[in-house]
Amino acid sequence: MKVLFVFVKRNQHKFIFFIFDFLIFLILFFNISQFFSLYNKILLISLFILINYIIGKYKTINSFGINILFKYLTKFTLSIIAYTFATTFYFYFFNYFQLVKFPFFSYYVNILYIFLTTYFFQLILNVLIIKNKTISVWVYVGRKKIYQLINKQINIFRLNNTKILFYDEEIDIYRINTNNFKGFILDDKDKIKKEFLKKITKFDNEEISFINQLDWFERYFYKIPIFLISNINFEKRLIKQKYLLLIETNLKRLGDIFLSIVLLIITLPILLIAITAIKCEDGGPIFYKQVRNGINKKLFHIIKLRTMNVSAEKDGAKWYVLGDTRVTKVGKILRLFRIDELPQLLQVITGDMSLIGPRPERPEFDDKLSEKIPFYDYRYTIKPGLSGWAQVNYPYGSSKKDSIEKLNYDIYYIKNFSIFLDFIILLKTIKLVLNAKGSKPKLKDKK
């Protein structure tokens, strides 16, 4: 429930856009709704929301200008083309147009009108949001390097409505505008000066928050930096987390099996095309097996469509890096859309993996990383996944630095595991795959 509350609060404008789109679609679609069954009505509106989400329509904007209008026009054009093509193909495939006297002209005019109206309303709402936007002010009390890290993360996450001040002798906390002042972000108690603790008694009876820096990272950046973890109770909670949500864990397993079967059926034509392309390119093996660490670091073989040349690892295991010459021409396309990972749906069904969880890594990499990175093995206290919180929030990892950053997200997932969070990750994964994002390494490790 904590994750749900924080997520809804942080994305309240997106939910407003969703609701507006849903209501506008229902109202404007009424003219031709009699030609569709309930099943097709649900399908059409779901597809409408999904395509707009994938295109990026529901993102809020921070400013308004010609470039924003151009982006809106681009998104509008792409979304209406995708929706029209998808629905026309669906109805033609099922011979729907031949079964009823379908009003082609009215259908396409209504679709155009719906898209124009929803995009216009969202543009107006975004302008209103910009005009009424307020900046939340926090005061950080602690180490300067942590303060700098928080500000760096604010820029990365584009939290333009958040401002962090650093507490020192020059700042007068009594003169901060209390309308925008949210509270204090606190470092470890032993690093906070006693003089400051005396001063903040002024705020005891006001609606001012006092939040630990670790909790602030979790709430606003959706990750838990391992170098900030110092409480032994936090470590114990991570280990015991899987025992606290037995009902959700069982539901997750049922969902894994059902969705994996559905995805295998849907993607079967894509798999067959990929298999043919791999075989035609160099005549080598179609599938590739790798030993990976599973839950509690139990070894299992992961199955992938082969994307590298046959002699790719003749000199031993290596991380995939940007511009890797070992990748075949077909392999580049398969990696771009993560088609090479589809055979792992079978391993989700058998129970070696889950659809959602920390990505399993190779033992030869894990052994080195676990020696250098604290809490690294906590990734394996739950079942590894086909996709995960780290995968939808951070690019493909190819270095120790990337591994640390991804571990921060993995620990957040373990601590906050829920069916709702899995659903969010699933939606983000679909968006990443269809946008061909997240499959390239961010950087090379020079060490």
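The values are calculated or read from the model by the stated rules, or taken from the named source; none is laboratory data. Quick caveat, the model's predicted, so the values are computed rather than measured. Cβ coordinates were reconstructed from backbone atoms using ideal geometry, including for glycine residues, and neighbour counts include every protein chain displayed. In case anyone asks, the SASA skips ligands and DNA or RNA and just uses the protein heavy atoms, side chains included. Shrake-Rupley method; radii C 1.70, N 1.55, O 1.52, S 1.80 Å.
Which of the residue pairs Lys252/Lys415; Lys406/Lys431; Lys297/Lys406; Lys41/Lys71 have a Cα-Cα distance greater than 23 Å in the structure shown?
As for pairs spanning more than 23 Å Cα to Cα, those are Lys41/Lys71.
Computed over the range 338-412, the alpha-carbon pair-distance distribution with 5 angstrom bins reads 3, 16, 27, 26, 18, 8, 2, each value a whole percent.
Peptide packing for 374-381, 407-414 was compared via the average number of neighbouring C-beta atoms within 10 Å per residue; ordered from the highest value, the list is 407-414, 374-381.
So between Asp215 and Leu251, what do we pick up on full extension, going 0.36 nm a residue minus the alpha carbon distance?
Taking Asp215 through Leu251 to full extension adds about 10.2 nm, to one decimal.
Solvent-accessible surface of the range 5-135, taken per residue with a 1.4 Å probe and all protein chains present: 62 Å².
Would you mind calculating the gained length between Lys297 and Lys131 on full extension (0.36 nm times residue separation, minus the Cα-Cα distance), in nm to one decimal?
Details: separation 166, 0.36 × 166 = 59.76 nm, distance 5.17 nm.
Using 0.36 nm per residue and subtracting the Cα-Cα distance, I get 54.6 nm.
On the beta carbon distance between Ser33 and Ile261, with R0 = 35 Å, the FRET formula returns roughly 0.65. If the segment from Ile156 to Phe89 were pulled out straight at 0.36 nm per residue, it would be longer than the present Cα-Cα gap by 20.2 nm.
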